[in-house]
Amino acid sequence: MERISVFDIFKIGIGPSSSHTMGPWRAAQCFLREINLAQVKAVQVSLYGSLAKTGKGHGTDLAVLLGLNGDDPVTIPVDAVQSTIQHINVHKTIRLGGLYDIPLDPEKDVIFLYDQALPYHANGLIFTAFYNNGTGESHTYYSIGGGFVVKEGEEDLEGQVVLPFPIDLGKELTGWCIQEGQSISEIVFRNELMWRTEAQVRSDLMHIWTVMRDCIYKGCHTDGVLPGGLDVERRAAPLSRKLLNGKRYRDVDDWIRQISRGGHTFQEILKWVSCFALAVNEENAAFSRVVTAPTNGAAGVIPAVLMYHVCFSESFVEEDIIRFLLTAGEIGSLFKKGATISAAMGGCQAEIGVSSAMAAAALTECLGGSYAQAMMAAEIAMEHHLGMTCDPIGGLVQIPCIERNTMGAIKAITASQIALESDPSKAKVSLDAVIRTMKETAFDMNTKYKETADGGLAVHISVNLVEC
């Protein structure tokens with residue numbers, strides 16, 4: 001099994017999709033490292049399977065162009081995304097690797113092969129470079145979910161290090177927690193020290209949280225209609241204003257304080273959790289900066305649940321942010337190893353379901369639950385997402401995707417509360433059992449319900465779309 005860092009699960013990038021935007025973007029960057037840039041006269045990209053069928057709505061074509069242009073999803077200014085694409089479309093040229101201007105017509109050189117699929121994974125793409133001397137070369141990549149990319153013919157060697165506590169199954173995580181007398185986050189922290197220093201682990205995790213927090217804040221202060229043609233109006237900002245009822249604040253920290261000082265009725269907290277999740281995924285749909293958690297389509301669940309803990313838990317301390325992300329990341333890696341975090345392979349259970357399980361376990365630990373209760377919470381959350389289909393209307397990560405993040409967040413909190421009041425030794429279903437079940441369900445699920453926009457809501461709602 002591969003060794004997966006928490007920072008492989010939580011990646012900073014641009015929306016709207018980790019598998020259809022960030023993955024292809026990373027694949028383009030990999031391709032650039034494989035070829036002789038100075039000798040290239042033209043490039044062509046062919047998209048297959050799910051990448052083709054929902055590529056327009058997910059911005060796959062934009063992602064590969066930005067990757068070929070030498071831009072990086074972590075550092076590119078959000079405002080530069082659309083302006084760079086517009087420049088490429090108008091001038092029919094691209095600055096390959098940020099160094100060499102070559103002709104490229106997006107309409108002709110990014111090819112959508114809707115009725116073809118590559119053998120390894122539903123998200124396949126082939127890059128071809130044509131050289132000045134008449135030769136060329138092609139490379140095939142697969143975006144396997146959560147921003148992870150594998151080149152055809154090569155194993156995914158990311159994170160292949162020797163860890164003090166190798167974990168591929170929930171029962172192994174349980175064994176280490178018992179042997180060391182430590183929580184999930186403490187075991188995971190010690191593993192992370194094989195990749196980073198203690199100071200780096202802490203600072204990088206806090207940076208992940210800062211990006212999540214700022215994404216919530218931005219989404220709660222941005223009105224308007226989302227791009228893509230569905231004319232979906234943003235709801236987080238007006239909801240935030242309504243809940244704050246005229247309270248003034250100076251910045252994001254003051255905003256959080258005002259929320260924490262406000263009403264704590266069940267209805268108010270429920271609305272705030274929904275607001276947080278809506279905010280992130282409205283930003284995601286608008287090609288803004290988000291954190292995969294473990295995917296972009298499910299990027300709102302974990303920030304919403306963590307913000308819930310920050311704002312409304314009396315026991316919250318800053319160290320909980322570190323513990324939360326470490327625990328959530330490990331649960332996410334178990335699902336990636338044992339099943340999938342790709343909606344193109346497993347439907348929405350692989351995105352919202354996994355993110356809800358991650359958040360449930362993390363919240364449980366932060367609220368004082370044992371490792372067994374945290375894993376029980378993860379199992380409960382996933383158990384009630386099994387079989388969830390991925391049927392985005394128009395191939396856009398908007399309907400039902402945005403609202404699904406609110407549901408995943410609420411289910412995570414509910415699962416946590418149930419687990420905290422339960423005896424895990426009496427549980428009938430283990431985390432490993434639900435992961436196996438999810439994998440089998442993914443195999444059995446009809447392809448039209450796996451991020452193809454060929455079934456479900458995607459075919460029952462008539463819309464007239466324009467390109468993003």
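Each reported figure results from applying straightforward, stated rules to the coordinates on display, with no laboratory input. Because the structure is a prediction, the values reported are computed rather than measured. Cβ sites come from the backbone with ideal geometry, for glycine too, and all protein chains shown count toward neighbours.
Beyond 21 Å, how much of the Cα-Cα pair distribution for segment 234-313 remains, as a whole percent? Summing the P(r) of segment 234-313 above 21 Å gives 26 percent of all pairs. Over all pairs of different C-alpha atoms in segment 91-132, the reciprocal of the mean inverse distance, the Kirkwood hydrodynamic radius, equals 12.5 Å. By the Kirkwood approach, averaging reciprocal distances over each pair of separate Cα atoms, the chain gets a hydrodynamic radius of 22.3 Å.
Given the pairs 53/151; 271/411; 337/439, which span a C-alpha to C-alpha distance of over 19 angstrom in this model? Listed pairs above 19 Å: 53/151. With 5 Å bins beginning at zero, the pair-distance distribution over Cα atoms of segment 281-399 amounts to 2, 13, 22, 23, 19, 13, 6, 2, 0 %. For segment 6-151, pairs of C-alpha atoms spaced more than 21 angstrom apart make up 37 percent of the total.
Rounded to the nearest 20 debye, the dipole size of the chain about its Cα centre is 780 debye, using +1 on the Cβ of Lys and Arg and -1 on the Cβ of Asp and Glu.
Angle between the Cα long axis of helix 198-219 and the longest principal axis of the chain, 0 to 90 degrees, nearest 10? Roughly 80 degrees between the two axes. With respect to the chain, whose longest principal axis is taken over its alpha-carbon atoms, helix 252-261 is tilted by about 30°. Of all aspartates and glutamates in the structure, the ones whose alpha carbon falls short of 20 Å from that of residue 92, not counting any fewer than 8 places away in one chain, are 61, 71, 101, 105, 107, 109, 467. Couplings 3J(HN,Hα) of segment 80-92, computed from phi: 7, 4, 6, 5, 5, 4, 4, 4, 5, 5, 6, 8, 6 Hz, in residue order, whole Hz [Karplus 6.51 cos²θ - 1.76 cosθ + 1.60, θ = phi - 60°; x for Gly and Pro]. Peptides 95-103, 396-404 ranked from most to least packed by the mean count of surrounding Cβ atoms within 10 Å: 396-404, 95-103. Take 430-440, 8-18 and order them by the average number of nearby Cβ atoms within 10 Å per residue, most first; the result is 8-18, 430-440.
For residue 147, the amide hydrogen comes within under 5 Å of the amide hydrogens of 19, 23, counting only partners 5 or more places away or on other chains and with H modelled in the peptide plane. Placing +1 on the Cβ of every Lys and Arg and -1 on the Cβ of every Asp and Glu, with nothing else charged, gives segment 6-151 a dipole about its Cα centre of roughly 120 debye.
Within the shell of other residues whose beta carbon sits under 13 angstrom from the beta carbon of residue 189, the net charge comes to -4, with Lys and Arg scored +1 and Asp and Glu -1.
The alpha carbon convex hull volume per residue for segment 190-295 rounds to 139 Å³.
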